[in-house]
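Here the structure is laid out as C-alpha coordinates; the discussion comes afterwards.
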Amino acid sequence: MKILLASSEVVPFSKTGGLADVCGALPVALEQLGHEVIVFVPSYRGSDNCGAVIEPTGIDLQIPIDDRIVTGTLGRTCLPGSNITVYLVEQSNYFDRGGLYGDDGGEFEDNCERYTFFCRAVLESIRLLNWKPDQIHANDWQTGLIPTLLKVEYSDIPMYEGIASLMTIHNLAYQGSFWYQNLQLTGIDRKYFNWQQMESYGNLNLLKSGLVFADGISTVSPTYAQEIQGPEQGCGLDGLLTERRDVLAGILNGIDVGEWNPEIDPHLSTNYSVETVFQGKAECKAHLRRQFRLYENERTPLIGIVGRLATQKGWSLILPVMRKWLASLDVQWVVLGTGDTEYHRALESLHRSYPDKFGLNLGFSNQQAHQIEAGADMFVMPSQYEPCGLNQMYSMAYGTVPVVRQTGGLADTVVDTTPVTIENRTANGFSFVDFSSQALESALHRAVDIYHNRGDVWQQLIQTGMRRDWSWTASARQYVDLYQKIIVQHKDGQGRE
Ligand code: ADP
(Lines give C-alpha, C1' and ligand atoms only; values in the text may rest on other atoms or scores of the structure.)
Protein backbone atom coordinates (compact mmCIF):
# COMPACT_ATOMS: atom_id res chain seq x y z
CA MET A 1 0.00 0.00 0.00
CA LYS A 2 1.16 3.57 -0.69
CA ILE A 3 0.47 5.93 2.19
CA LEU A 4 0.96 9.70 2.37
CA LEU A 5 1.06 10.97 5.96
CA ALA A 6 0.69 14.72 6.56
CA SER A 7 1.25 16.41 9.89
CA SER A 8 2.11 19.87 11.20
CA GLU A 9 4.82 18.33 13.41
CA VAL A 10 7.02 15.26 13.08
CA VAL A 11 9.87 14.14 15.35
CA PRO A 12 12.79 14.92 14.94
CA PHE A 13 12.03 17.95 12.71
CA SER A 14 9.50 19.68 14.96
CA LYS A 15 7.59 18.91 18.15
CA THR A 16 5.20 20.53 20.59
CA GLY A 17 3.45 17.36 21.77
CA GLY A 18 2.51 13.72 21.29
CA LEU A 19 1.33 14.35 17.69
CA ALA A 20 4.97 14.71 16.60
CA ASP A 21 5.96 11.43 18.31
CA VAL A 22 3.16 9.52 16.57
CA CYS A 23 3.94 10.97 13.15
CA GLY A 24 7.65 10.21 13.53
CA ALA A 25 7.17 6.63 14.73
CA LEU A 26 4.12 5.28 12.87
CA PRO A 27 5.66 5.62 9.35
CA VAL A 28 8.67 3.57 10.45
CA ALA A 29 6.44 0.80 11.84
CA LEU A 30 4.35 0.85 8.63
CA GLU A 31 7.47 0.56 6.49
CA GLN A 32 8.59 -2.42 8.57
CA LEU A 33 5.28 -4.07 7.67
CA GLY A 34 6.16 -3.67 3.98
CA HIS A 35 4.26 -0.50 3.04
CA GLU A 36 5.54 2.54 1.17
CA VAL A 37 5.10 5.73 3.19
CA ILE A 38 6.01 9.33 2.50
CA VAL A 39 5.64 12.10 5.03
CA PHE A 40 4.84 15.81 4.58
CA VAL A 41 5.61 18.41 7.25
CA PRO A 42 6.20 22.18 7.16
CA SER A 43 9.82 23.31 7.25
CA TYR A 44 10.01 25.46 10.39
CA ARG A 45 12.92 27.44 11.77
CA GLY A 46 15.17 24.78 13.33
CA SER A 47 13.68 21.82 11.43
CA ASP A 48 17.18 21.13 10.10
CA ASN A 49 18.78 21.17 13.58
CA CYS A 50 18.26 17.44 14.02
CA GLY A 51 21.25 16.55 11.85
CA ALA A 52 19.23 15.36 8.85
CA VAL A 53 20.51 16.55 5.48
CA ILE A 54 17.69 18.35 3.67
CA GLU A 55 18.26 18.57 -0.06
CA PRO A 56 16.35 20.74 -2.54
CA THR A 57 14.02 18.90 -4.93
CA GLY A 58 13.89 21.74 -7.45
CA ILE A 59 10.10 21.60 -7.23
CA ASP A 60 8.36 24.98 -7.06
CA LEU A 61 4.97 25.29 -5.46
CA GLN A 62 2.47 27.88 -6.66
CA ILE A 63 -0.43 27.90 -4.29
CA PRO A 64 -3.60 30.00 -4.59
CA ILE A 65 -4.39 31.85 -1.36
CA ASP A 66 -7.34 34.22 -1.57
CA ASP A 67 -6.77 36.08 -4.87
CA ARG A 68 -2.96 35.70 -4.79
CA ILE A 69 -0.46 33.01 -5.75
CA VAL A 70 1.97 32.21 -2.92
CA THR A 71 5.14 30.40 -3.90
CA GLY A 72 7.10 27.82 -1.94
CA THR A 73 9.46 24.91 -2.48
CA LEU A 74 9.87 21.32 -1.40
CA GLY A 75 12.89 19.99 0.48
CA ARG A 76 13.58 16.28 0.81
CA THR A 77 15.16 14.14 3.49
CA CYS A 78 14.63 10.81 5.27
CA LEU A 79 13.23 9.90 8.68
CA PRO A 80 16.39 9.02 10.62
CA GLY A 81 17.12 5.29 10.69
CA SER A 82 14.71 4.51 7.84
CA ASN A 83 14.23 4.84 4.09
CA ILE A 84 11.11 6.92 4.50
CA THR A 85 11.10 10.06 2.38
CA VAL A 86 10.07 13.21 4.18
CA TYR A 87 9.07 16.28 2.16
CA LEU A 88 9.46 19.57 3.98
CA VAL A 89 7.16 22.28 2.68
CA GLU A 90 9.25 25.46 2.57
CA GLN A 91 7.66 28.90 2.72
CA SER A 92 9.74 31.17 4.91
CA ASN A 93 7.11 33.90 5.45
CA TYR A 94 4.79 31.32 6.96
CA PHE A 95 7.12 28.88 8.69
CA ASP A 96 10.44 30.57 9.54
CA ARG A 97 9.20 31.95 12.86
CA GLY A 98 9.92 31.73 16.58
CA GLY A 99 7.30 29.03 17.21
CA LEU A 100 5.15 26.49 15.41
CA TYR A 101 1.70 27.94 16.08
CA GLY A 102 2.50 31.08 18.04
CA ASP A 103 5.12 32.90 20.06
CA ASP A 104 5.28 35.15 23.13
CA GLY A 105 2.66 37.35 21.50
CA GLY A 106 0.15 34.45 21.40
CA GLU A 107 -1.19 32.37 18.52
CA PHE A 108 -0.17 33.57 15.05
CA GLU A 109 -3.07 35.46 13.48
CA ASP A 110 -2.56 33.89 10.07
CA ASN A 111 -2.64 30.24 11.19
CA CYS A 112 -5.58 29.51 8.91
CA GLU A 113 -3.65 30.89 5.95
CA ARG A 114 -0.42 29.06 6.91
CA TYR A 115 -2.08 25.66 7.09
CA THR A 116 -4.27 26.28 4.04
CA PHE A 117 -0.99 26.74 2.21
CA PHE A 118 0.40 23.54 3.71
CA CYS A 119 -2.68 21.47 2.83
CA ARG A 120 -2.81 22.72 -0.73
CA ALA A 121 0.96 22.18 -1.07
CA VAL A 122 0.58 18.53 -0.02
CA LEU A 123 -2.17 17.88 -2.55
CA GLU A 124 -0.35 19.71 -5.36
CA SER A 125 2.81 17.71 -4.61
CA ILE A 126 1.07 14.47 -5.57
CA ARG A 127 0.78 15.82 -9.09
CA LEU A 128 4.21 17.46 -9.12
CA LEU A 129 5.99 14.35 -7.83
CA ASN A 130 3.80 12.06 -9.91
CA TRP A 131 3.39 9.84 -6.84
CA LYS A 132 -0.17 8.71 -6.23
CA PRO A 133 -0.94 7.29 -2.79
CA ASP A 134 -3.74 4.83 -2.05
CA GLN A 135 -4.34 6.55 1.25
CA ILE A 136 -3.78 10.02 2.70
CA HIS A 137 -3.48 10.07 6.47
CA ALA A 138 -4.20 13.58 7.84
CA ASN A 139 -3.58 14.50 11.47
CA ASP A 140 -5.37 17.13 13.57
CA TRP A 141 -6.89 20.45 12.50
CA GLN A 142 -3.82 21.74 10.68
CA THR A 143 -4.41 19.11 7.97
CA GLY A 144 -8.22 19.17 8.05
CA LEU A 145 -8.40 20.87 4.65
CA ILE A 146 -6.67 17.92 2.96
CA PRO A 147 -9.67 15.52 3.07
CA THR A 148 -11.90 18.54 2.36
CA LEU A 149 -10.06 19.73 -0.76
CA LEU A 150 -9.55 16.17 -1.93
CA LYS A 151 -13.31 15.69 -1.95
CA VAL A 152 -14.59 19.09 -3.10
CA GLU A 153 -11.88 20.14 -5.54
CA TYR A 154 -9.64 17.27 -6.58
CA SER A 155 -11.87 14.22 -6.79
CA ASP A 156 -12.63 14.61 -10.49
CA ILE A 157 -8.98 14.93 -11.54
CA PRO A 158 -7.78 11.51 -12.81
CA MET A 159 -4.50 11.67 -10.86
CA TYR A 160 -6.52 11.90 -7.61
CA GLU A 161 -9.28 9.43 -8.34
CA GLY A 162 -9.47 6.61 -5.85
CA ILE A 163 -7.29 8.25 -3.17
CA ALA A 164 -8.90 7.57 0.21
CA SER A 165 -8.46 9.75 3.28
CA LEU A 166 -8.22 9.19 7.04
CA MET A 167 -8.52 12.04 9.55
CA THR A 168 -6.94 11.30 12.94
CA ILE A 169 -7.88 13.25 16.08
CA HIS A 170 -5.02 13.52 18.57
CA ASN A 171 -6.85 15.95 20.87
CA LEU A 172 -10.38 17.07 20.08
CA ALA A 173 -10.02 20.21 22.20
CA TYR A 174 -7.92 21.80 19.43
CA GLN A 175 -10.06 22.33 16.34
CA GLY A 176 -8.59 25.18 14.29
CA SER A 177 -11.62 27.44 14.65
CA PHE A 178 -11.30 30.73 12.73
CA TRP A 179 -13.35 33.80 11.89
CA TYR A 180 -15.70 32.85 9.06
CA GLN A 181 -14.15 35.36 6.62
CA ASN A 182 -11.09 33.09 6.45
CA LEU A 183 -13.09 30.83 4.17
CA GLN A 184 -12.10 33.21 1.38
CA LEU A 185 -8.41 32.27 1.88
CA THR A 186 -9.10 28.59 1.42
CA GLY A 187 -10.64 29.15 -1.98
CA ILE A 188 -13.43 26.70 -1.12
CA ASP A 189 -16.92 27.44 -2.41
CA ARG A 190 -19.18 29.25 0.08
CA LYS A 191 -21.84 26.59 -0.32
CA TYR A 192 -19.79 24.36 1.98
CA PHE A 193 -19.94 26.89 4.81
CA ASN A 194 -22.95 25.44 6.59
CA TRP A 195 -23.48 23.69 9.94
CA GLN A 196 -23.30 20.23 8.37
CA GLN A 197 -19.91 20.79 6.73
CA MET A 198 -17.34 23.51 7.47
CA GLU A 199 -19.13 25.79 9.90
CA SER A 200 -19.28 25.41 13.67
CA TYR A 201 -20.88 28.00 15.96
CA GLY A 202 -20.47 30.69 13.30
CA ASN A 203 -16.78 30.00 12.70
CA LEU A 204 -14.80 28.18 10.05
CA ASN A 205 -13.74 24.91 11.71
CA LEU A 206 -10.89 23.08 9.99
CA LEU A 207 -10.98 19.91 12.09
CA LYS A 208 -14.72 19.58 11.59
CA SER A 209 -14.24 19.99 7.83
CA GLY A 210 -11.71 17.17 7.82
CA LEU A 211 -14.02 14.95 9.90
CA VAL A 212 -16.93 15.60 7.53
CA PHE A 213 -15.10 14.94 4.27
CA ALA A 214 -12.64 12.17 5.23
CA ASP A 215 -13.56 8.61 4.28
CA GLY A 216 -12.53 7.39 7.72
CA ILE A 217 -11.87 8.91 11.15
CA SER A 218 -9.66 7.65 13.92
CA THR A 219 -8.49 8.72 17.30
CA VAL A 220 -5.72 7.51 19.57
CA SER A 221 -7.53 5.09 21.88
CA PRO A 222 -10.71 3.01 21.75
CA THR A 223 -12.17 4.58 24.92
CA TYR A 224 -11.55 8.16 23.70
CA ALA A 225 -13.31 7.16 20.44
CA GLN A 226 -16.39 6.38 22.54
CA GLU A 227 -16.07 9.36 24.88
CA ILE A 228 -15.91 11.97 22.11
CA GLN A 229 -19.34 10.86 20.92
CA GLY A 230 -20.86 12.29 24.11
CA PRO A 231 -21.50 15.93 25.10
CA GLU A 232 -19.02 15.89 28.00
CA GLN A 233 -15.96 15.24 25.86
CA GLY A 234 -17.30 15.91 22.39
CA CYS A 235 -16.15 19.56 22.39
CA GLY A 236 -19.21 20.52 20.34
CA LEU A 237 -18.53 17.89 17.65
CA ASP A 238 -20.19 14.94 19.41
CA GLY A 239 -23.21 15.07 17.10
CA LEU A 240 -21.06 14.75 13.99
CA LEU A 241 -18.89 12.04 15.56
CA THR A 242 -21.94 10.05 16.62
CA GLU A 243 -23.37 10.35 13.14
CA ARG A 244 -20.10 9.08 11.65
CA ARG A 245 -19.47 6.41 14.31
CA ASP A 246 -19.48 3.63 11.70
CA VAL A 247 -16.24 5.03 10.27
CA LEU A 248 -14.71 6.10 13.62
CA ALA A 249 -11.95 3.87 15.02
CA GLY A 250 -9.77 4.06 18.14
CA ILE A 251 -6.16 2.84 17.84
CA LEU A 252 -3.79 3.17 20.79
CA ASN A 253 -0.46 4.86 20.21
CA GLY A 254 2.66 2.82 20.79
CA ILE A 255 5.82 4.07 22.47
CA ASP A 256 9.24 4.48 20.89
CA VAL A 257 11.03 1.52 22.46
CA GLY A 258 14.36 2.73 21.07
CA GLU A 259 14.03 5.80 23.30
CA TRP A 260 12.05 4.37 26.24
CA ASN A 261 13.67 1.10 27.26
CA PRO A 262 15.26 0.72 30.73
CA GLU A 263 17.70 -1.90 29.41
CA ILE A 264 19.50 0.57 27.15
CA ASP A 265 18.37 4.01 28.38
CA PRO A 266 21.52 6.23 28.48
CA HIS A 267 19.85 8.68 30.90
CA LEU A 268 19.69 6.18 33.78
CA SER A 269 22.35 5.69 36.45
CA THR A 270 21.72 1.92 36.15
CA ASN A 271 20.09 -0.04 33.35
CA TYR A 272 17.78 -2.92 34.18
CA SER A 273 15.46 -5.49 32.64
CA VAL A 274 12.44 -7.33 33.99
CA GLU A 275 14.88 -9.87 35.48
CA THR A 276 16.93 -7.24 37.32
CA VAL A 277 14.19 -4.69 37.97
CA PHE A 278 14.22 -4.79 41.77
CA GLN A 279 17.92 -4.06 42.16
CA GLY A 280 17.91 -1.69 39.15
CA LYS A 281 14.96 0.37 40.32
CA ALA A 282 16.33 0.59 43.86
CA GLU A 283 19.52 2.14 42.47
CA CYS A 284 17.61 4.53 40.19
CA LYS A 285 15.40 5.52 43.14
CA ALA A 286 18.44 6.26 45.31
CA HIS A 287 19.91 8.33 42.47
CA LEU A 288 16.67 10.28 42.05
CA ARG A 289 16.52 10.99 45.78
CA ARG A 290 20.07 12.31 45.77
CA GLN A 291 19.28 14.56 42.80
CA PHE A 292 16.26 16.05 44.54
CA ARG A 293 17.81 15.94 48.06
CA LEU A 294 15.08 13.72 49.49
CA TYR A 295 15.73 11.70 52.65
CA GLU A 296 16.73 8.05 52.40
CA ASN A 297 14.41 5.48 53.90
CA GLU A 298 13.98 2.05 52.39
CA ARG A 299 10.30 1.79 53.32
CA THR A 300 9.20 5.19 52.00
CA PRO A 301 7.40 4.98 48.63
CA LEU A 302 8.20 7.60 46.00
CA ILE A 303 5.46 8.97 43.74
CA GLY A 304 6.48 10.56 40.42
CA ILE A 305 4.64 12.97 38.10
CA VAL A 306 5.88 14.27 34.72
CA GLY A 307 3.72 16.37 32.48
CA ARG A 308 2.14 19.63 31.58
CA LEU A 309 0.83 21.62 34.55
CA ALA A 310 -2.57 22.01 32.93
CA THR A 311 -6.12 21.55 34.18
CA GLN A 312 -6.53 18.59 31.80
CA LYS A 313 -3.94 16.64 33.79
CA GLY A 314 -6.00 16.72 37.01
CA TRP A 315 -3.93 19.11 39.15
CA SER A 316 -7.06 20.18 41.01
CA LEU A 317 -7.18 16.59 42.31
CA ILE A 318 -3.47 16.13 42.95
CA LEU A 319 -2.79 19.29 44.97
CA PRO A 320 -5.23 18.61 47.86
CA VAL A 321 -3.91 15.05 48.20
CA MET A 322 -0.29 16.26 48.14
CA ARG A 323 -1.01 18.89 50.81
CA LYS A 324 -2.64 16.34 53.08
CA TRP A 325 -0.14 13.54 52.53
CA LEU A 326 2.98 15.68 52.81
CA ALA A 327 1.71 16.84 56.22
CA SER A 328 0.82 13.40 57.51
CA LEU A 329 2.28 10.40 55.66
CA ASP A 330 5.72 8.95 55.06
CA VAL A 331 5.41 9.16 51.26
CA GLN A 332 7.70 11.19 48.97
CA TRP A 333 6.82 13.01 45.73
CA VAL A 334 8.79 14.21 42.71
CA VAL A 335 7.20 16.53 40.13
CA LEU A 336 8.65 17.61 36.76
CA GLY A 337 6.50 19.94 34.68
CA THR A 338 5.75 23.38 33.34
CA GLY A 339 2.50 25.13 32.64
CA ASP A 340 -0.10 27.28 34.39
CA THR A 341 1.23 29.87 36.84
CA GLU A 342 -1.28 28.97 39.56
CA TYR A 343 0.08 25.41 39.70
CA HIS A 344 3.68 26.66 39.64
CA ARG A 345 2.92 28.81 42.71
CA ALA A 346 1.10 26.07 44.62
CA LEU A 347 3.87 23.54 43.99
CA GLU A 348 6.63 26.00 44.90
CA SER A 349 4.93 26.74 48.18
CA LEU A 350 4.62 23.03 49.01
CA HIS A 351 8.24 22.46 48.05
CA ARG A 352 9.37 25.21 50.45
CA SER A 353 7.46 23.54 53.29
CA TYR A 354 8.69 19.97 52.63
CA PRO A 355 12.02 20.17 50.79
CA ASP A 356 13.25 16.69 51.81
CA LYS A 357 9.94 14.99 51.04
CA PHE A 358 8.96 16.71 47.79
CA GLY A 359 11.35 17.23 44.85
CA LEU A 360 10.32 19.81 42.25
CA ASN A 361 11.59 20.89 38.83
CA LEU A 362 9.38 23.46 37.12
CA GLY A 363 11.22 23.04 33.82
CA PHE A 364 11.48 20.74 30.80
CA SER A 365 14.07 17.97 30.99
CA ASN A 366 13.89 14.86 28.85
CA GLN A 367 16.69 13.27 30.86
CA GLN A 368 14.93 13.84 34.17
CA ALA A 369 11.65 12.53 32.71
CA HIS A 370 13.47 9.25 32.03
CA GLN A 371 15.02 9.24 35.51
CA ILE A 372 11.66 9.79 37.21
CA GLU A 373 10.03 7.01 35.20
CA ALA A 374 12.79 4.69 36.38
CA GLY A 375 13.25 5.89 39.98
CA ALA A 376 9.65 6.35 41.16
CA ASP A 377 7.59 3.50 42.63
CA MET A 378 4.28 4.92 41.40
CA PHE A 379 3.30 7.37 38.67
CA VAL A 380 0.19 9.53 39.07
CA MET A 381 -1.99 10.65 36.13
CA PRO A 382 -5.55 11.60 37.16
CA SER A 383 -6.46 13.29 33.86
CA GLN A 384 -9.80 14.94 33.24
CA TYR A 385 -9.58 13.52 29.73
CA GLU A 386 -6.70 11.73 28.00
CA PRO A 387 -6.87 10.90 24.28
CA CYS A 388 -4.08 8.31 24.69
CA GLY A 389 -1.37 9.38 27.14
CA LEU A 390 2.22 8.24 26.84
CA ASN A 391 3.53 8.61 30.36
CA GLN A 392 1.50 5.74 31.81
CA MET A 393 2.96 3.45 29.13
CA TYR A 394 6.50 4.68 29.78
CA SER A 395 5.88 3.99 33.48
CA MET A 396 4.80 0.42 32.94
CA ALA A 397 7.72 -0.23 30.57
CA TYR A 398 9.98 0.97 33.40
CA GLY A 399 8.31 -1.10 36.16
CA THR A 400 6.66 1.93 37.74
CA VAL A 401 3.07 1.33 38.82
CA PRO A 402 0.58 3.86 37.37
CA VAL A 403 -2.28 5.33 39.39
CA VAL A 404 -4.69 6.88 36.88
CA ARG A 405 -8.19 8.08 36.28
CA GLN A 406 -10.16 5.67 34.08
CA THR A 407 -10.52 7.82 30.97
CA GLY A 408 -9.43 7.62 27.32
CA GLY A 409 -6.15 5.82 26.74
CA LEU A 410 -5.57 5.51 30.48
CA ALA A 411 -8.64 3.26 30.72
CA ASP A 412 -7.34 1.20 27.78
CA THR A 413 -3.85 0.60 29.15
CA VAL A 414 -4.11 0.43 32.95
CA VAL A 415 -5.86 -2.57 34.53
CA ASP A 416 -6.97 -1.81 38.09
CA THR A 417 -5.75 -4.11 40.87
CA THR A 418 -8.67 -6.13 42.28
CA PRO A 419 -8.89 -9.69 43.65
CA VAL A 420 -10.04 -10.83 40.18
CA THR A 421 -7.27 -9.09 38.20
CA ILE A 422 -4.64 -10.27 40.69
CA GLU A 423 -5.93 -13.81 40.28
CA ASN A 424 -5.97 -13.69 36.44
CA ARG A 425 -2.66 -11.80 36.40
CA THR A 426 -3.88 -8.86 34.29
CA ALA A 427 -3.50 -6.16 36.99
CA ASN A 428 -0.80 -3.60 36.18
CA GLY A 429 -1.83 -0.48 38.15
CA PHE A 430 -4.60 1.34 39.96
CA SER A 431 -7.47 3.32 38.51
CA PHE A 432 -10.55 5.21 39.65
CA VAL A 433 -13.58 6.75 37.97
CA ASP A 434 -14.83 9.88 39.80
CA PHE A 435 -13.01 13.10 38.96
CA SER A 436 -12.46 13.94 42.65
CA SER A 437 -9.48 14.14 44.98
CA GLN A 438 -11.23 11.67 47.32
CA ALA A 439 -11.27 9.07 44.54
CA LEU A 440 -7.61 9.74 43.71
CA GLU A 441 -6.65 9.54 47.37
CA SER A 442 -8.43 6.25 47.86
CA ALA A 443 -6.69 4.74 44.79
CA LEU A 444 -3.35 5.98 46.12
CA HIS A 445 -4.12 4.45 49.54
CA ARG A 446 -4.79 1.11 47.85
CA ALA A 447 -1.48 1.38 45.99
CA VAL A 448 0.54 2.29 49.09
CA ASP A 449 -1.13 -0.49 51.07
CA ILE A 450 -0.13 -3.13 48.50
CA TYR A 451 3.35 -1.61 48.22
CA HIS A 452 3.86 -2.03 51.97
CA ASN A 453 1.93 -5.20 52.74
CA ARG A 454 1.74 -7.35 49.60
CA GLY A 455 5.25 -7.48 48.14
CA ASP A 456 4.27 -10.48 46.00
CA VAL A 457 1.41 -8.58 44.34
CA TRP A 458 3.55 -5.47 43.87
CA GLN A 459 6.15 -7.57 42.03
CA GLN A 460 3.41 -9.07 39.90
CA LEU A 461 2.14 -5.59 38.90
CA ILE A 462 5.63 -4.49 37.92
CA GLN A 463 6.28 -7.61 35.87
CA THR A 464 2.92 -7.52 34.10
CA GLY A 465 3.54 -3.90 33.04
CA MET A 466 7.10 -4.56 31.88
CA ARG A 467 6.28 -7.74 29.95
CA ARG A 468 3.61 -6.17 27.75
CA ASP A 469 4.68 -5.13 24.26
CA TRP A 470 4.15 -1.32 24.19
CA SER A 471 5.89 -0.88 20.82
CA TRP A 472 4.31 0.54 17.66
CA THR A 473 4.15 -2.81 15.86
CA ALA A 474 0.66 -3.84 17.04
CA SER A 475 -0.77 -0.34 16.46
CA ALA A 476 0.73 -0.13 12.96
CA ARG A 477 -1.00 -3.41 12.06
CA GLN A 478 -4.31 -1.91 13.16
CA TYR A 479 -3.68 1.18 11.02
CA VAL A 480 -3.02 -1.05 7.99
CA ASP A 481 -6.34 -2.86 8.56
CA LEU A 482 -8.07 0.49 8.92
CA TYR A 483 -6.50 1.92 5.74
CA GLN A 484 -7.66 -1.16 3.84
CA LYS A 485 -11.19 -0.76 5.17
CA ILE A 486 -11.21 2.95 4.31
CA ILE A 487 -10.07 2.33 0.76
CA VAL A 488 -13.12 0.11 0.33
CA GLN A 489 -15.32 2.74 2.01
CA HIS A 490 -13.97 5.35 -0.38
CA LYS A 491 -14.92 3.22 -3.35
CA ASP A 492 -18.41 2.95 -1.88
CA GLY A 493 -18.53 6.76 -1.64
CA GLN A 494 -18.84 7.07 2.14
CA GLY A 495 -17.31 10.56 2.54
CA ARG A 496 -20.01 13.20 2.26
CA GLU A 497 -20.34 16.08 -0.08
P1 ADP B 1 0.37 15.30 26.49
O2 ADP B 1 0.70 14.98 25.05
O3 ADP B 1 -1.09 15.54 26.76
O4 ADP B 1 1.21 16.40 27.07
P5 ADP B 1 1.40 12.62 27.05
O6 ADP B 1 1.52 11.80 28.29
O7 ADP B 1 0.73 11.96 25.89
O8 ADP B 1 0.71 14.01 27.41
O9 ADP B 1 2.86 13.02 26.56
C10 ADP B 1 3.63 13.98 27.22
C11 ADP B 1 5.06 13.83 26.77
O12 ADP B 1 5.79 15.02 27.11
C13 ADP B 1 5.78 12.70 27.46
O14 ADP B 1 6.78 12.22 26.59
C15 ADP B 1 6.41 13.39 28.68
O16 ADP B 1 7.50 12.70 29.19
C17 ADP B 1 6.81 14.71 28.07
N18 ADP B 1 6.87 15.82 29.03
C19 ADP B 1 5.85 16.58 29.47
N20 ADP B 1 6.31 17.54 30.32
C21 ADP B 1 7.64 17.36 30.41
C22 ADP B 1 8.68 18.04 31.13
N23 ADP B 1 8.43 19.07 31.92
N24 ADP B 1 9.96 17.60 30.96
C25 ADP B 1 10.20 16.54 30.15
N26 ADP B 1 9.27 15.86 29.45
C27 ADP B 1 8.00 16.27 29.58
Query raised in the report: Taking the stretch 298-336 as the region of interest, how many residues are more than 32 Å from the chain's Cα centre (by Cα), of a type in the set (S, T, N, Q) and open to solvent by 60 Å² or more (accessible area, probe 1.4 Å)?
Result: 1
Query raised in the report: Of the residues ILE63, ILE126, which single one is touching a Lys or Arg at 6+ places or on another chain (Cβ under 8 Å), under 23 Å from LEU211 (Cβ atoms) and in the same structural domain as THR219 (by TED's automatic domain parsing)?
Result: ILE126
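Identify, from the list THR168, THR186, THR219, THR242, the residue that is modelled with pLDDT of 95 or more, in the same structural domain as VAL28 (by TED's automatic domain parsing), surrounded by fewer than 20 Cβ atoms within 10 Å (Cβ to Cβ) and among the β-branched types (Val, Ile, Thr).
Details: THR168 fails: surrounded by fewer than 20 Cβ atoms within 10 Å (Cβ to Cβ); THR186 fails: surrounded by fewer than 20 Cβ atoms within 10 Å (Cβ to Cβ); THR219 fails: surrounded by fewer than 20 Cβ atoms within 10 Å (Cβ to Cβ).
On inspection, the qualifying residue turns out to be THR242.
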Requested in this report: With the checklist (1) within 16 Å of the ligand (Cβ to nearest atom); (2) under 21 Å from GLN489 (Cα atoms) in hand, flag the one item CYS235 doesn't pass.
Outcome: (2)
Requested in this report: Restricting attention to strands (runs of 3 or more DSSP E) lying wholly within the stretch 306-415, give those where 2 or more residues are touching a Phe, Trp or Tyr at 6+ places or on another chain (Cβ under 6 Å) and more than 9 Å from the ligand (Cβ to nearest atom).
Outcome: 332-336, 358-361, 401-405
Query raised in the report: How many residues does the stretch 1-60 hold that are acidic (Asp, Glu) and within 22 Å of the chain's Cα centre (by Cα)?
Result: 3
**Report entry** Some residue of the stretch 337-352 being surrounded by 15 or more Cβ atoms within 10 Å (Cβ to Cβ) and under 17 Å from SER395 (Cβ atoms)
**Finding:** yes
Report summary line: By residue number, the members of the stretch 257-290 that are under 29 Å from the mean Cα position of the chain (by Cα), at pLDDT 95 or above and open to solvent by 60 Å² or more (accessible area, probe 1.4 Å) are GLU263, ILE264, PRO266, SER269, ASN271
Report summary line: Listed by first then second residue, the pairs whose first member lies in the stretch 10-31 and is within 17 Å of ALA52 (Cα to Cα), whose partner is near the ligand (Cβ under 9 Å from one of its atoms), with beta carbons under 6 Å and at least 6 positions apart or on separate chains, are VAL11/ASP21
**Report entry** Failed item in (1) open to solvent by less than 10 Å² (accessible area, probe 1.4 Å); (2) outside the structural domain of ILE303 (by TED's automatic domain parsing), with VAL457 passing the rest
**Finding:** (2)
Report task. For the stretch 427-446, state whether one or more residues are of a type outside the set (Val, Ile, Thr), free of Cβ contacts under 8 Å to residues at least 60 places away in the same chain and within 16 Å of the ligand (Cβ to nearest atom). Result -> yes
Requested in this report: Collect the residues in the stretch 415-454 that are more than 24 Å from ARG468 (Cβ to Cβ) and aromatic (Phe, Trp, Tyr), keeping them in residue-number order.
Outcome: PHE435
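Please indicate, with yes or no, whether at least one residue in the stretch 136-145 is in a loop (DSSP other than H, G, I, E, B) and either open to solvent by 10 Å² or more (accessible area, probe 1.4 Å) or touching a helix residue (DSSP H, G or I) at 6+ places or on another chain (Cβ under 6 Å) (or both).
Let us first name the residues in the stretch 136-145 that are in a loop (DSSP other than H, G, I, E, B), namely 140, 144.
Those left that are additionally either open to solvent by 10 Å² or more (accessible area, probe 1.4 Å) or touching a helix residue (DSSP H, G or I) at 6+ places or on another chain (Cβ under 6 Å) (or both): 140, 144.
Within the stretch 136-145, one or more residues are in a loop (DSSP other than H, G, I, E, B) and either open to solvent by 10 Å² or more (accessible area, probe 1.4 Å) or touching a helix residue (DSSP H, G or I) at 6+ places or on another chain (Cβ under 6 Å) (or both).
Filter the stretch 52-69 for residues that are within 27 Å of ILE188 (Cα to Cα) and touching a Pro at 6+ places or on another chain (Cβ under 8 Å) and give the result. Talk me through it step by step, then tell me what you get.
First pass over the stretch 52-69, keeping only residues within 27 Å of ILE188 (Cα to Cα): 59-69.
Result: no residue meets the conditions.
The values are calculated or read from the model by the stated rules, or taken from the named source; none is laboratory data. Because the structure is a prediction, the values reported are computed rather than measured. Please note: Cβ atoms are built from the backbone with ideal geometry, for glycine as well, and neighbour counts cover all protein chains shown. In case anyone asks, the SASA skips ligands and DNA or RNA and just uses the protein heavy atoms, side chains included. Shrake-Rupley method; radii C 1.70, N 1.55, O 1.52, S 1.80 Å.
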